[in-house]
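Bear in mind these aren't lab numbers, they're just calculated from the coordinates by the rules spelled out. Source: prediction; values computed, not measured. Reconstructed Cβ throughout: ideal geometry from the backbone, glycine too, with neighbour counts over all protein chains shown.
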Amino acid sequence: MTEPPLTIAILHPGRMGAALATVLTAPERRLLCCLEGRSEATRQRAHDGGLISVPMRQLANEADIALSIVEPAVAYPVAMDLVTAGFHGLLIEANAIRPQALRAIADRVHAGGGQVVDASIMGPPPARNLPQPTRLYLSGPTSGVDVATTLFTAQELRTTVLGEDLGQASALKLAHSTVHKAGRALALLGHALAQEHGLSSELAEEMSRWSHPASNPEQFPSVASRSWRWGDELREAAEELHDSGLPSELVVHAAALFDLLADFKGASPTSEEIFNALNRHGPDMDSVG
Ligand SMILES: NC(=O)c1ccc[n+]([C@@H]2O[C@H](COP(=O)([O-])OP(=O)(O)OC[C@H]3O[C@@H](n4cnc5c(N)ncnc54)[C@H](OP(=O)(O)O)[C@@H]3O)[C@@H](O)[C@H]2O)c1
């Protein structure tokens with residue numbers, strides 16, 4: 001007797017969801033979505049990807065696996081729509097949300113008889129022509145993670161299992177976002193200031209010599225040992241940003257962060273000592289701004 005096809009629901013076929021649907025497509029799989037309330041762009045992507053649109057109740061009852069990949073603000077209501085409609089399969093929760101939020105979703109899915117795998121995605125939507133694969137990180141109970149791993153075997157996606165804790169994949173995403181997105185905010189600010197002075201290409205050229213410390217944590221002891229003077233340097237920068245009409249708060253907060261490390265002047269602290277010093281959330285950090 002032939003096996004029934006595996007049914008996978010894509011919630012929802014945005015740019016990332018539709019690209020993941022493409023790498024999940026296989027003859028023995030049925031890909032569902034629910035287009036009620038979705039935009040024309042999402043409808044077009046679903047059509048192009050050959051997804052079958054069904055009402056949410058049918059999707060929830062027929063899907064063995066659901067993949068949630070939407071904007072973070074709607075991750076919880078999207079999961080609740082699924083649970084309320086009767087889903088009791090495996091939810092791969094791939095949104096950029098806090099571990100705590102992920103676990104709140106998992107509690108509701110478990111109560112409905114389903115299972116959850118925590119997932120996070122780094123890089124652009126997977127595609128054949130990209131120089132490197134998009135990265136998919138998974139965590140959670142082994143039974144669910146193993147199922148998820150067997151789904152994502154396309155070479156456009158590199159899958160890594162982090163561990164058995166629901167929340168690890170989400171935490172990695174937010175640590176990555178802290179550097180990657182907040183770093184871009186600082187790049188925008190620096191360039192806005194440089195442009196004020198006609199120095200954009202000089203800043204770009206100077207930054208091209210820099211290797212980002214987030215990929216070289218062995219630099220942190222040296223960073224910490226010089227932090228005592230970087231607070232003042234950044235307060236100068238913040239005033240210049242402010243006088244140029246640019247937002248200065250990020251840089252004021254960065255200055256306050258370096259102040260927390262001022263005691264490491266001339267020292268060679270371990271990463272653990274540095275992170276412990278950063279964990280002192282006191283009134284100093286709350287009152288800057
Ligand atoms: N794109 C990337 O490069 C990238 C990279 C890494 C990770 N990610 C992750 O992927 C997530 C989605 O990114 P994306 O680029 O695919 O965004 P997107 O193209 O804007 O897709 C978001 C999808 O969610 C749907 N949606 C929005 N609000 C909804 C709601 N209230 N109920 C149900 N569906 C809703 C959208 O439908 P409508 O079209 O109807 O609004 C759309 O189909 C991101 O938040 C991020 O966590 C993306």
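The table below lists the values:
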item: Ranked by how many other beta carbons lie within 10 Å on average, peptides 90-103, 178-191 from highest; result: 90-103, 178-191
item: Rounded to 10°, Cα long-axis angle of helix 15-24 versus longest principal axis of the chain; result: 50 degrees
item: Local net charge near PRO133, Cβ-Cβ under 11 Å (Lys/Arg +1, Asp/Glu -1); result: +2
item: For the range 182-289, average projected area of the Cα convex hull in nm²; result: 7.1 nm²
item: Rounded Å value of the spacing that divides the Cα centres of the range 231-282 and the range 61-84; result: 39 Å
item: Rounded to 5, the percent of DSSP beta bridges in the chain classed as antiparallel; result: 15 percent
item: Exposure proxy ranking, count of Cβ atoms within 10 Å, fewest first, for THR159, THR150; result: THR150, THR159
item: Over the chain: helical MRE at 222 nm, DSSP H runs n ≥ 4 each giving -39500 (n - 2.57), nearest 500; result: -15500 deg cm²/dmol
item: In sequence order, calculated HN-Hα J values of the range 212-218 (Karplus, 6.51, -1.76, 1.60; Hz; x Gly/Pro); result: 5, x, 5, 9, 9, x, 5
item: Interchain or long-range residues, amide H under 5 Å from LEU91's placed H; result: ALA66, GLN115, VAL116, VAL117
item: Equivalent ellipsoid, the range 1-145 (semi-axes from 5 times Cα gyration tensor eigenvalues, Å); result: 21, 19, 16
item: Base-10 log of normalised Debye intensity for the chain (one unit scatterer per alpha-carbon) at q = 0.10, 0.12, 0.14 Å⁻¹; result: -0.69, -0.89, -1.05
